[in-house]
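Trainee: Shown below is the structure under consideration.
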Amino acid sequence: MLKFRFWRGLKSEELRNATRVHFENNVTYEELRNKVREEEFEMKLLKDKDNKHKMGKVSQLAVETDAC
């Protein structure tokens, strides 16, 4: 019951898709929660990495335009 309530409460569709296999398998609530938190952490790291990469490109463009 708690597992289903937890699953319905997830707002991120991307997070649901990434952990659906664990939900559909016969895992406990605690195991599902841990897997979801692991995925959430990995997604956050990837998002932060992408943002830093984009910021680097913007700064580089600003320097190049100032030099002209």
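Here, each number is a calculation from the coordinates, and none is a lab measurement. Note that the structure is predicted; figures quoted are calculated from it, not measured. Cβ atoms come from the backbone with ideal geometry, glycine included; neighbour counts cover every protein chain shown.
Trainee: Stretched out fully, how many nm does the piece from ARG5 to ASP48 gain, at 0.36 nm a residue minus the Cα gap?
Mentor: Stretched out fully, the ARG5 to ASP48 stretch lengthens by 12.6 nm.
Trainee: What distance in nm lies between label points placed 7 Å from Cα along the C-beta direction at VAL27 and GLU14?
Mentor: 1.9 nm
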